[in-house]
């Protein structure tokens, strides 16, 4: 009986090792951060229609001057920093609002017209408009007769 249980334990260990390998292999690599402090991933909503892709990213507390949007080699990078308010040095200060850096990256497909990307920050929500190239938009083909 003991030998049977040892075989079961060995099989279980082997199967969980395989599961762990699969999980680690499927997780995308996260770039190493070089700044001190917490780094947050902004929540996003993505909408697509025939003309464009719209991205809404929640970045509360980020000001336009502290927001950086970078596009290199089809990778769109959003980063913004929220500094502690000046009143944080007061003795009677209660802070539930987190400060730190927001960071998120997206790989853009070839259907996006990268020269016409538009960004607008309103009330802590970044709205990106990613227009599609004309060749990527659906269209009707007219059938001609002789």
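Values in this text are rule-based calculations from the coordinates and carry no lab data. If you're wondering where the values come from, they're calculated on a predicted model, not measured in any experiment. Because the Cβ atoms are built from the backbone with ideal geometry, glycine has one as well, and the counts that use them run over all protein chains shown.
Report the extension gain between residue 41 and residue 142 in nm, rounded to one decimal, defined as 0.36 nm multiplied by the number of residues separating them, less their alpha carbon distance.
31.7 nm
Sort 51-57, 123-129, 36-42 by the packing proxy (mean of other Cβ within 10 Å over each peptide's residues), most packed first.
Top of the packing list down: 51-57, 123-129, 36-42.
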